[in-house]
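Let me begin by presenting the structure, written as structure tokens, before commenting on it.
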Amino acid sequence: MDAIIKLDHLEKTYHSAETPVRAVRAVSLEIARGDFVAIMGTSGSGKSTMMNILGCLDRPTGGTYLLDGVMSQGSHGMSSRMCGTGRSALCFRTSICSRGPPLWTM
């Protein structure tokens, strides 16, 4: 598979004064070039957090993330090479349908 996005045990934990919040828990995923993907779930399930990580707007706290073959690992942050090359594009869209949950697409 020619994966444009590859996640291996990706994690995102927010630390508050009381207790850590695990927004994304050990997600492993491969998305091939040209695939259409929908991330769906209930409110608070980590959809926006995952999309922010995939779009290089946020950093994972664990696991690995390859975007077009370029590695970012854990809390070391996103490489400017990953998100500033113009080689890849993600499209975020939220549905406004009142009969279903929000839908994000890539």
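Below, the figures for the structure above:
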{"read-out": "Residue match in region 6-13 (condition: within 12 Å of the chain's Cα centre (by Cα), surrounded by 11 or more Cβ atoms within 10 Å (Cβ to Cβ) and assigned to a helix (DSSP H, G or I))", "value": "no"}
{"read-out": "Single match in 17, 26 (criterion: on the phi > 0 side of the Ramachandran plot and either modelled with pLDDT of 55 or more or open to solvent by 30 Å² or more (accessible area, probe 1.4 Å) (or both))", "value": "26"}
{"read-out": "Tally of residues being outside any loop (DSSP other than H, G, I, E, B), touching a residue at least 40 places away in the same chain (Cβ under 8 Å) and open to solvent by 20 Å² or more (accessible area, probe 1.4 Å) across region 49-61", "value": "0"}
{"read-out": "Subset of region 33-43 (residues that are at pLDDT 90 or above and under 19 Å from residue 11 (Cβ atoms))", "value": "41"}
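The values are calculated or read from the model by the stated rules, or taken from the named source; none is laboratory data. Keep in mind that this is a model prediction, so the values were computed, not measured. Backbone-built Cβ (ideal geometry, glycine too); neighbour counts: all protein chains shown. When the accessible area is computed, the model is the full protein with side chains, heavy atoms only, and any ligands, DNA or RNA have been set aside. Shrake-Rupley method; radii C 1.70, N 1.55, O 1.52, S 1.80 Å.
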